[in-house]
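*Asks:* Here's a structure for you.
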Amino acid sequence: MAAFIVLGAQWGDEGKGKMTDYLAEKAEVVVRFQGGNNAGHTVIVGDKEYKLHLIPSGILYDDKLNVIGNGVVIDPKALFDEINYLEELGVKVIPNKLIISDRAQVIMPYHRILDGLKEKARGKDDIGTTGKGIGPCYTDKVERSGIRICDLINKEVLERKLKQNIEDKNAIISLYGGETLDFTAVYSEYLAYAERIKPFVTDISVRIYKEIKDNKNVLFEGAQGSLLDIDYGTYPYVTSSNTIAGGVCTGAGIGPTVITGAVGIAKAYTTRVGKGPFPTELEDEMGEYLREKGHEYGVTTGRARRCGWLDLVILKSTARISGLTSFVVTKIDTLAGIEKIKVCTGYKFEGKVIDYFPASLEDLAKCEPIYEELDGWDDSIQNARSYEELPENAKKYLKRIEEFTGTKVSIVSVGPKRNQTIEVGDL
Ligand code: GDP
Ligand code: IMO
Ligand code: MG
């Protein structure tokens, strides 16, 4: 395994939390490299369900090192709420189990406020963000006015940078008609966070490098999914970070030559939360069926997820962009009971057939999905524990994914629990 990436192959919520937890059994380190508490990763251990947003999914083991990388944007309030939530459930979150990058950017109250105000100002063209301040925080990072964790834990630097930022941001907040912030209140709130966060803070690149050199297995846990990537997603209906494999190098301070593989987590159908194009969306009874059977409601915002057929064009693009070594196919049990299942194998675009995902949303709007129909299977699939036990038609479905994308399927997930996981090949 060595240095292995787990990332979402669609629009997020593919089951990355479940699969990271599953694969973490054989790893020593789990690293988050991008995103923030916009993510919602569900892990079920025994009869307990955990919902993680910012903390890596390896935290449920006692003996794994969990790392929040420099590419992550950290809302300290959300971080400590999550630590308290985990500790109430009996999960220890202590400095030798969790380390946090000194270079990660801090989400401030004005980021959350601006996220809301900008969305409101966009009107019907809103993105449908999670409202957690993710976009405005990454904006400040790139604009070079952001406050990093190393700044947060230095009283004088925090005071200087915060004063400047509050002045700038209050001017913008006023422009949008929002309520301005008081420097003293924010400063004292964040000083308290600084004290609490200090013991966790380190140069994570140095530590990850050491772990890899010591032949430890390191898992990089992606948040969101390929099509929410700031460069390769359905821009502007995306998140503000690089969710693709390339994000690992910049977000965790490691070089590409140490990465040994990348697995794309692909739901057996497609879902999306928030706005933006979705060629195979089903706005009919079948969409409703998938939503109810698959419990497709957001972990972070509770919003109903839009549902549609599996889009193989998307999976093929993800395999290329992230250099996937294999796919993990999740929620194949949700498709049980449907007689004829459709998969999209191309788009009709201006009289031609294309099998790639166009950049322009205007072109994408003209794309008409081309479907292939496959025969379904029944609910007994949840009880399968080996490849042999999978229904024949489910095997044909998996074969079709492999054939179209040119990428093998290594694991199939037939339910949300750890033991509902079937290894069918190498990662
Ligand atoms: P993530 O954001 O990629 O970690 O995914 P979420 O946790 O947001 O959403 C995935 C949901 O599907 C969670 O409720 C999981 O417990 C559940 N889940 C994961 N794998 C499977 C599976 O194979 N079958 C079923 N039925 N549910 C699954
Ligand atoms: P996990 O890790 C699904 C979506 C939002 C919105 C867009 C931008 O659980 O798969 P943001 O708040 O990031 O600026 O919102 O991205 N989004 C997600 N959709 N799963 C997620 O995370 C998401 N994180 C953000 O709904 O459309
Ligand atoms: Mg999720």
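*Asks:* Which ³J(HN,Hα) values in Hz, rounded to whole numbers, follow from the phi angles of the stretch 38-53 under the Karplus curve 6.51 cos²θ - 1.76 cosθ + 1.60, where θ = phi - 60° and Gly and Pro get x?
*Replies:* Per residue, the Karplus-derived 3J(HN,Hα) values read 6, 6, x, 10, 9, 10, 10, 10, x, 9, 9, 10, 10, 10, 10, 10 Hz.
*Asks:* A follow-up question, please. Could you work out the pair-distance distribution P(r) of the stretch 1-151 from its alpha-carbon pairs, with 5 angstrom bin width and percents rounded to whole numbers?
*Replies:* Distribution as computed: 2, 9, 18, 21, 19, 15, 9, 5, 2, 0 percent.
*Asks:* Give me the orientation-averaged projected area of the Cα convex hull of the stretch 286-409, in nm², one decimal.
*Replies:* Answer in nm², one decimal: 9.0.
*Asks:* Specify the residue with the greatest mean-square fluctuation among Ser57, Ser174, Ser226, computed from a Gaussian network of the chain linking alpha-carbon atoms under 10 Å apart.
*Replies:* Ser174
*Asks:* Just name one of Trp377, Ile173, Tyr209: the one whose Cα is farthest towards the positive end of the charge dipole of the chain (beta-carbon charges, Lys/Arg +1, Asp/Glu -1).
*Replies:* About the Cα centre, the residue reaching furthest to the positive side is Tyr209.
*Asks:* Compute the acute angle (0 to 90°) between the alpha-carbon long axis of helix 183-197 and the principal axis of greatest extent of the alpha-carbon atoms of the chain; round to the nearest 10°.
*Replies:* Once rounded, one gets 60 degrees.
*Asks:* Pairing the Cα long axis of helix 155-175 with the longest principal axis of the chain, what angle in degrees results, from 0 to 90 and rounded to the nearest 10?
*Replies:* The answer is roughly 70 degrees.
*Asks:* Mind checking which lysines have their C-alpha under 26 Å from Lys92, skipping anything on the same chain fewer than 8 residues away?
*Replies:* In chain and number order, the partners are Lys16, Lys18, Lys26, Lys48, Lys51, Lys64, Lys77, Lys132, Lys198, Lys210, Lys216, Lys417.
*Asks:* Please figure out what share of the DSSP beta bridges in the chain is antiparallel and state it in percent, rounded to the nearest 5.
*Replies:* 40 percent
*Asks:* Using Cα pairs under 8 angstrom and six or more residues apart, how large is the relative contact order of the stretch 207-294, in percent?
*Replies:* 17 percent
*Asks:* Probe of 1.4 angstrom, ligands and nucleic acids ignored: what's the accessible area per residue over the stretch 12-148, in square angstrom?
*Replies:* Ligands and nucleic acids excluded, the figure is 36 Å² per residue.
*Asks:* While we're on this one: Could you go through the stretch 78-89 in sequence order and give the Karplus-derived ³J(HN,Hα) for each residue, using 6.51 cos²θ - 1.76 cosθ + 1.60 with θ = phi - 60°, rounded to whole Hz, and x for Gly and Pro?
*Replies:* Values, residue by residue: 5, 4, 6, 4, 5, 4, 4, 4, 5, 5, 4, 8 Hz.
*Asks:* Given the options Tyr110, Gly8, Asn96, identify the residue whose Cα lies farthest towards the positive end of the charge dipole of the chain (+1 on Cβ of Lys, Arg; -1 on Cβ of Asp, Glu).
*Replies:* Of the listed residues, the answer is Asn96.
*Asks:* So who's got an amide H within less than 5 Å of the one on Asn66, skipping anything under 5 residues away but keeping other chains? H placed 1.01 Å off N, in plane.
*Replies:* Those qualifying (amide H under 5 Å, at least 5 residues apart or on another chain) are Val30, Leu98, Ile99.
*Asks:* Just want to confirm a number: the relative contact order over the stretch 81-189, from Cα pairs under 8 angstrom separated by 6+ residues, in percent.
*Replies:* Normalised by residue count, the contact order of the stretch 81-189 is 26 percent.
*Asks:* Given contacts defined as C-alpha pairs under 8 Å and at least six residues apart, what's the relative contact order of the chain, whole-number percent? Could the numbers behind the result be given before it?
*Replies:* Details: 941 pairs, mean separation 83.9, N = 427.
Taking the mean separation of contacting Cα pairs over the length of the chain, I get 20 percent.
*Asks:* Using a 7 Å offset from Cα along Cα-Cβ at Lys26, what residues in the stretch 188-225 end up with backbone N under 17 Å from the label point?
*Replies:* Within reach of a label on Lys26: 215-221.
*Asks:* Could you give me the ³J(HN,Hα) list for the stretch 269-286, computed from phi with Karplus coefficients 6.51, -1.76, 1.60 and θ = phi - 60°, whole Hz, x at Gly and Pro?
*Replies:* So the J values, rounded to whole Hz, are 9, 10, 9, 8, 10, x, 8, x, x, 7, x, 9, 4, 10, 9, 9, 4, 5.
*Asks:* Okay, next question. Where the centroid of each part is defined by its Cα atoms, how far is the stretch 47-117 from the stretch 312-326 in Å?
*Replies:* Using only Cα atoms to place each centre, the spacing works out to 29 Å.
*Asks:* On to the next question. How much length is gained on full extension from Ala121 to Ile94, taking 0.36 nm per residue of separation minus their Cα-Cα distance?
*Replies:* On the way: separation 27, 0.36 × 27 = 9.72 nm, distance 4.12 nm.
That pair, Ala121 and Ile94, stretches by 5.6 nm at full extension.
*Asks:* Can you give me the long-range amide H partners of Asn37? Hydrogens built in the peptide plane at 1.01 Å from N, cutoff under 5 Å, separation of 5 or more residues or another chain.
*Replies:* For Asn37, the qualifying residues are Asp75.
*Asks:* Over the Cα atoms of the chain, what radius of gyration and what Dmax do you get, in Å?
*Replies:* Considering the chain through its Cα atoms, Rg and Dmax are 21.5, 65 Å.
*Asks:* May I pose another question? What's the carbon and sulfur percent of the chain's accessible surface, probe 1.4 angstrom, rounded to a whole number?
*Replies:* Heavy-atom surface of the chain belonging to carbon and sulfur, 1.4 Å probe: 49 percent.
*Asks:* What FRET efficiency do you get for Ser380 and Glu339 if R0 is 22 Å and r is their Cβ-Cβ distance, rounded to the nearest 0.05?
*Replies:* The formula returns an efficiency of 0.90 here.
*Asks:* List the GluC sites (Glu not before Pro) in the stretch 145-182 that DSSP assigns to loop (not H, G, I, E or B) and whose Cβ has at most 11 other Cβ atoms within 10 Å. Which are they?
*Replies:* Values: sites: Glu156, Glu159, Glu167, Glu179; in loops: Glu179.
Listed in order of number, the matching sites are Glu179.
*Asks:* Something else: Just to confirm the number: angle between the C-alpha axis of helix 204-213 and the first principal axis of the chain, 0 to 90 degrees, nearest 10?
*Replies:* Computed tilt is about 50 degrees.
*Asks:* Any idea of the accessible area per residue across the stretch 233-383, 1.4 Å probe, to the nearest Å²?
*Replies:* Ligands and nucleic acids excluded, the figure is 41 Å² per residue.
*Asks:* Distance between Cα centroids, the stretch 152-183 to the stretch 273-309: provide it in whole Å.
*Replies:* Distance between centres, Cα-based: 38 Å.
*Asks:* Kirkwood hydrodynamic radius (Cα pairs, Å) of the stretch 105-198?
*Replies:* Computed over Cα pairs of the stretch 105-198, the Kirkwood hydrodynamic radius comes out at 13.7 Å.
*Asks:* Can you compute the charge dipole magnitude of the chain about its Cα centre, using +1 on each Lys and Arg Cβ and -1 on each Asp and Glu Cβ, nothing else charged? Give it in debye, rounded to the nearest 20. Working shown, then result.
*Replies:* Working: 55 positive and 63 negative charges, 184 e Å.
Roughly 880 debye, rounded to the nearest 20.
The values are calculated or read from the model by the stated rules, or taken from the named source; none is laboratory data. Since we're looking at a predicted model, the values are computed, not measured. Neighbour counts run over all protein chains shown; Cβ positions are idealised from the backbone, glycine included. Quick note on the areas: whole protein, heavy atoms, side chains included, nothing else; ligands and nucleic acids left out. Shrake-Rupley method; radii C 1.70, N 1.55, O 1.52, S 1.80 Å.
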